[in-house]
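J.: Please see the structure below; I have some questions.
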Amino acid sequence: MSESYEYLFKFLVIGSAGTGKSSLLNNFIGNKFKEDRCHTIGVEFGSKIVNIGGKSTKLQIWDTAGQERFRSVTRSYYRGAAGALLVYDITSRDSFNALANWLRDARTLASPNIVILLVGNKKDLEDSREVTFTEASQFALENELMFLETSAKTGENVEEAFLKCSKTILAKIETGELDPERIGSGIQYGTNTTKRLTAPKRPARTPSECACRV
Amino acid sequence: MLSNDVVENRRGPPGVNSRSLSSAHSAADLEILREIENVYFSSPVDFDAARYVLEHAPAPPTCESIEHMFTKLKRQQQVVSGKALHLISQQRDNCDKEFAEIQNIRTQLSLTLQTCRKAREHLRTASNHLTMSTFVILANFRKRQIIRSVLKCLELIRSLRSVESDVTELLNKKDFYSAIELILKSRKAAAAHKEYACITDLSNRLQDTLVLTEEKLDSVLSSLCFKFDKDVFTKLRKAYGLLGKTQAAMEQLHMHYSSAVNESSVAALKKYTGEASIDTKFQNLCASVPSGKAPACVLDLCENLFYIMRSYYLLVDWHSKHDEEPACTNVFDIQKNVSREYIRQKLKAGLLRIWHDVQGKVSIFLKSSGLEDYPFEKFVQILGVLRKLTQIGEVFCGDKSDVLEDFIKTQSVVYIQNYHRGRLEELKLFLENEAWEQCPVKSTFNLLNLQEFKQFKKYLNRSDGVVTKNQSENASSVTSQDDSVYVTKYFKYDTSSSPFDMFRNENTTNDDIFGLEPDMPSDDSEDEPDELKRDFVEENDRHGYATTGNNEALSPSKVRHSVIVANTTLSVLRNCGQYLQICRYLPQTALEVVVLMNQLYDYYFYTVHTFFTSDLDVSSTTLYTTKLTALLKRITNSLENGGSENRHFAGPEQPHHLDLSSESNLHGLSERIVAVESVIFLAKQYEMLQPYLETMVAPHQRLILEHFRDNTLAVVADLRTPVYMCSASKSVDARTALVAMSQVKWDVKNVAVEHSPYVDMVVRKLQVYALRIENISNRVTLNREVLNSIWTVVSKYVIHLLVEGFSNATKCSNGGRGLMQLDYTQLLLKLEKISGLKPVPHQDYVDRYVKAYYLPRKGLEEFVVEHPEYSTKHLVALVSCACENKKDRQALISLIEEKEIPN
Ligand SMILES: Nc1nc2c(ncn2[C@@H]2O[C@H](COP(=O)(O)OP(=O)(O)OP(=O)(O)O)[C@@H](O)[C@H]2O)c(=O)[nH]1
Ligand SMILES: [Mg+2]
């Protein structure tokens, strides 16, 4: 593809089912909002190049299924994520209560320096709100998360959420707190900087000295 | 009076009239009167009474008789006189009356006379007066005439002076004809009045006005290009007719259309390029449209161009309606006809030219718009816009628009290839991140459950496998006819809408855009949403958060059906759905799309092989079937060298996160199972698509599909062996087992009763393996088929291990052979129990090998030649043990070694 970028960040979108993770991602990459979206199966993927502080950065975003049954599938995608949007639904107390579990998963499975932004989605449904801004802020504060309320329907704060998270990562790179070179950092240099596409590794065939011939 | 009397008397006796006299008197008188001779009543002129009397005197004139006669006469005279008197008196009144009358008449007469005289007098005066004033009048009249003509001249001059403003006014009222007429008339008038000095000046100005007016007409003409107004044009046409410039005007109009195409294209682009660019070169403008805005821009561009096409179409239409007059004979008319014919030709050619220009503009824009980088939805939309434009072109000039069609085709191919590169890139990412966890989908899951295939359900869901493509083809040709009717509607005068409006409507689906029939078969639409909602996910959720429970109930052998798919498998299938959608909208690129779709499969297949055979530590001649080897070679080639159309694309990098080395998880057996079984599932899904794909591609291209099916899809199960072998080969450590076997004494005299200890060791290992397999069934549903294939590989390994071990025996007696038989039979028996495979596959291999020992020399020779599956080492060992005769042994060994050389 004819795209060029300086950094590539691996992002996760996690949170309970139906909180609007896929909707957020789709809104971000420019698709239409759908009222009746199917649950995500496994993991879906989207990418977008954004400009952060003058640096074009490719976000590689993994949208995970929130349903319990997919937990084992989705967990395997946490590995080496640089950033995550932890999404709950402001109209669902349950989704808020589940945050602690999600957070523990993210902190243990993803890169330890993962930058997490708490997202209270469905801000447009103010009438059915079950989680106040204040208590969510409190939760974010206690867990050292950034926090935004968004609406995938109206698009409010969606881009901001991704950008804010990206900016923080970039800032951490610049202060040296994050090292892109470290494996599993979830950060890669882009096509603009150094082409690091190694040739396809041929599987190391060691035709056996092994006694067995099959 | 007398005569009257006389006359009366003549009529009758006078006595009749004197009745009124006293009767006595009258009676006597009457008698006397009667006695009077009639002669006396004669006129005195011819009667002489005296003479008469004398003549009639009595014969003897006696006195007496005379006397008597005298008396008598006297008496008569008295009576007559009396009578006369009486009569006279009697008539006196009448006379008086009469006289008065006369008198009266006389006065009247004199009065009349007087009137006449007066009248005469008046007449005379009158006649005198009349003659005089006539001359005056005449003189005055003449004067007036003169003044009038002067006035007219003045008025003319005045009107000439105001021609300019009048013309502007008329022009504003769009009354071009009158304006031109006015100017021409004025000019004529001016020419007729050259004698006035001021007129020369004026006529110059008139000329200017004419020029200006023509310019104005021209600008109105050019404005028609954007929106044709038949009334305005009719007026213009009349005006030009008056000017004698009908033909020239048409030429001019064509030029305007050309530049209108240009202008409106530029205008459409300018909206998007921003103010910054003053560059008007179309190509440069195109390049400066930001790529994100190109889809909207192309829509605007096409729409703008459509308006011009519509205008031109209406112009042609106008001409065909207004130029129907019959042929004429006189020279002037013939000339007119020639000109009309010329215009007709010109208009006809103009249709094609404008269409050509339009296509040119659109292609230039598309070429520089980086079409291939658009998101799929946008691309489809642009295709829709172009398709619509093609239809418009068809209605417009009946042209099939090869330029655009070709362009669409080539761009589609380029787009698809580019899109495909993106998908491959994404697939690579997916594969590199794939954890090969089984995705919990229902056991009946197949690709039809995916939303991407919703549209294809009716084509793919047929049990008979017959795909009714024809129906849809017919339908689409019908709709394309409808389309042209539909497009024609927009060529009418009174619509302000354009056929492109639909693209601005949020609710328009791609099917609407492409005029495809809606794809919801009514009969099975009911259960569908349900199924989609349930997400074809297993009902019983066992893999809950932090659940470590193992499911005893679900022992591997009990699971009949299960579908093993990985996340990436779903992603590939989703992509296939998208590819098929492209196909649907771009049937001409079907083959291309199918080939690319197959590449996705290839890549997935290749990756699974690469990832999961990287630690294969047994050499592999019989692990790979010929077809599998060929397939891998083909894919490797196409990846490394890149197909001609697909540039080099890197294979996936071995991910770090896959743990394929830990013994406790059987060296990643669960991942391997998910990987291999998911490819197999994927192949099945591809198979399902084949009948549909066959209908999509041209008949002569079906061979490619067939080839893919036979040489790629059909080979998929062969992948199990090498991949599972990676795990199976670690079930029993070869070195330990071989060492244990080498400790067995094979040169025993008697056949043993007890099998050798290494057998138990191997069996224990296999039991551990079986236990571990049981364990991984938490993570992956192991159906019989999977288990069987795993155990088949395990037994292959174990049996080969046995052969290897047996071949290590340098000395071996008949008793030793017996022991071998005992050992492997025992082992196979156990293996049969553990694996559930009956008979254990591959047991021939060891069976045959051990029994070959008993073969005579001739038999041995045949065996050696006919069984290349045993290695040289195995055969040499066999021969060494079996042949006591040294010469025979030598001969056979050289035979074996000879045979090895060509390999
Ligand atoms: N009103 C409103 N509805 C939303 C918003 N975001 C998502 N939804 C709706 O919420 C439902 C669930 O959205 P998804 O995006 O599928 O949720 P998800 O988190 O991806 O769900 P899983 O994939 O099952 O984990 C859909 O019907 C959306 O239309 C929002 O901001 N406002
Ligand atoms: Mg989702």
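The values are calculated or read from the model by the stated rules, or taken from the named source; none is laboratory data. As the structure is a computational prediction, the values presented were derived from the model and not from experiment. When we count neighbours, we look across all protein chains shown, and the Cβ atoms used for this are built from the backbone with ideal geometry, even at glycine. For the accessible areas, the whole protein counts, side chains as well, though only heavy atoms, and no ligand, DNA or RNA atoms are used. Shrake-Rupley method; radii C 1.70, N 1.55, O 1.52, S 1.80 Å.
J.: Would you work out which of B:Ile834, B:Ser813, B:Val780 lies farthest towards the positive end of the dipole of the stretch B:780-853? Charges go on Cβ: Lys and Arg +1, Asp and Glu -1.
T.: Positive-end residue among those listed: B:Ser813.
J.: Determine the shielding of peptide A:63-75 by partner chains: average, over its residues, the number of Cβ atoms on other chains within 10 angstrom of each Cβ.
T.: Mean number of neighbouring Cβ atoms from other chains: 6.
J.: Between B:Asp501 and A:Glu156, what FRET efficiency comes out of the Förster formula 1/(1 + (r/R0)^6) with R0 = 41 Å and r the beta carbon distance, rounded to 0.05?
T.: The value I calculate is 0.85.
J.: Mind giving me the nanometre distance, one decimal, between the label points for A:Lys34 and B:Ala59, set 7 Å out from Cα along Cα→Cβ?
T.: For A:Lys34 paired with B:Ala59, the spin-label model returns 18.4 nm.
J.: Another one. Find how much the distance from B:Gln91 to B:Val136 grows on full extension, using 0.36 nm per residue of separation minus their present alpha carbon separation; answer in nm with one decimal.
T.: 9.4 nm is the gain from fully extending B:Gln91 to B:Val136.
J.: Would you mind checking the pairs A:Lys21/B:Lys293; B:Lys367/B:Lys454; A:Lys21/B:Lys271 and listing those with alpha carbons more than 30 angstrom apart?
T.: B:Lys367/B:Lys454; A:Lys21/B:Lys271
J.: Amide H to amide H, which residues 5 or more places from B:Lys442 or on other chains are under 5 Å from it, using H placed in the peptide plane?
T.: Amide H to amide H, under 5 Å and 5 or more residues apart or across chains, B:Lys442 pairs with B:Val537, B:Glu538.
J.: Placing unit charges on C-beta atoms (Lys and Arg positive, Asp and Glu negative, everything else neutral), compute the dipole magnitude of the stretch B:679-765 about its Cα centre in debye, rounded to 20.
T.: 320
J.: Taking the simple approach of a point 7 Å from Cα along Cα-to-Cβ for both B:Thr107 and B:Ser320, what is their distance in nm?
T.: 10.4
J.: Report, as an integer, the average count of C-beta atoms from other chains found within 10 Å of each Cβ along B:434-443.
T.: The mean count of partner-chain Cβ atoms within 10 Å per residue comes to 5.
J.: So, one more: Select from A:Ile29, A:Trp102, A:Gly80 the residue farthest towards the positive end of the dipole of the stretch A:7-211; place +1 on Cβ of Lys and Arg, -1 on Cβ of Asp and Glu, and compute about the Cα centre.
T.: So the residue we want is A:Gly80.
J.: Here's a follow-up. For the stretch A:7-211, calculate the relative contact order in percent as a whole number, restricting contacts to Cα pairs under 8 Å that are 6 or more residues apart.
T.: 24
J.: Am I reading the A/B interface right? What is its buried accessible area, both sides, 1.4 Å probe, to the nearest 100 Å²?
T.: 4600
J.: Show me, for the stretch B:54-69, the HN-Hα J-couplings you get by feeding each phi into the Karplus relation (A = 6.51, B = -1.76, C = 1.60, θ = phi - 60°), rounded to Hz, glycine and proline as x.
T.: Along the stretch B:54-69, the couplings run 4, 4, 9, 4, x, 3, x, x, 6, 4, 5, 4, 5, 3, 4, 5 Hz.
J.: In whole Å, what is the distance between the alpha-carbon centres of the stretch B:768-801 and the stretch B:156-230?
T.: 102
J.: For a quick check of your reading of the filter: which trypsin sites (Lys or Arg not before Pro) in the stretch B:365-398 sit in a DSSP loop and have no more than 15 other Cβ atoms within 10 Å?
T.: Passing sites in the stretch B:365-398 do not exist.
J.: Restricting attention to the stretch B:37-145, which chymotrypsin sites (Phe, Trp or Tyr not before Pro) occupy a DSSP loop and are surrounded by at most 11 other Cβ atoms within 10 Å?
T.: Sparse-neighbourhood loop chymotrypsin sites (Phe, Trp or Tyr not before Pro): none present.
J.: Please list, in chain and number order, the residues 5+ apart from A:Lys48 or on another chain whose amide H is under 5 Å from its amide H, with Hs placed from the backbone.
T.: Correct list: A:Leu59, A:Ile61.
J.: Using DSSP to define loop residues, name the trypsin sites (Lys or Arg not before Pro) in the stretch B:686-768 whose beta-carbon has at most 11 other beta-carbon atoms within 10 Å.
T.: Within the stretch B:686-768, the qualifying trypsin sites (Lys or Arg not before Pro) (loop, at most 11 other Cβ atoms within 10 Å) are B:Lys749.
J.: Further question on the same structure: Among the lysines, which have Cα under 18 Å from the Cα of B:Lys188 when same-chain residues fewer than 8 positions away are ignored?
T.: Cα-Cα hits under 18 Å: B:Lys152.
J.: Need one word for chain A: rounded, prolate or oblate. Basis is the Cα gyration tensor (sqrt eigenvalues a ≥ b ≥ c); a/c below 1.5 gives rounded, then a/b vs b/c decides.
T.: Prolate is the answer for chain A, as a/c is 1.5 or above and a/b outweighs b/c.
J.: Among B:Lys238/B:Lys388; B:Lys173/B:Lys348; B:Lys796/B:Lys833; A:Lys122/B:Lys378; B:Lys321/B:Lys388; B:Lys238/B:Lys336, which pairs are too far apart, with a Cα-Cα distance over 25 Å?
T.: Pairs exceeding the cut-off: B:Lys238/B:Lys388; B:Lys173/B:Lys348; A:Lys122/B:Lys378; B:Lys321/B:Lys388.
J.: So what is the relative contact order of the stretch B:734-850, in percent, for Cα pairs below 8 Å that sit 6 or more residues apart?
T.: For the stretch B:734-850, the relative contact order is 44 percent.
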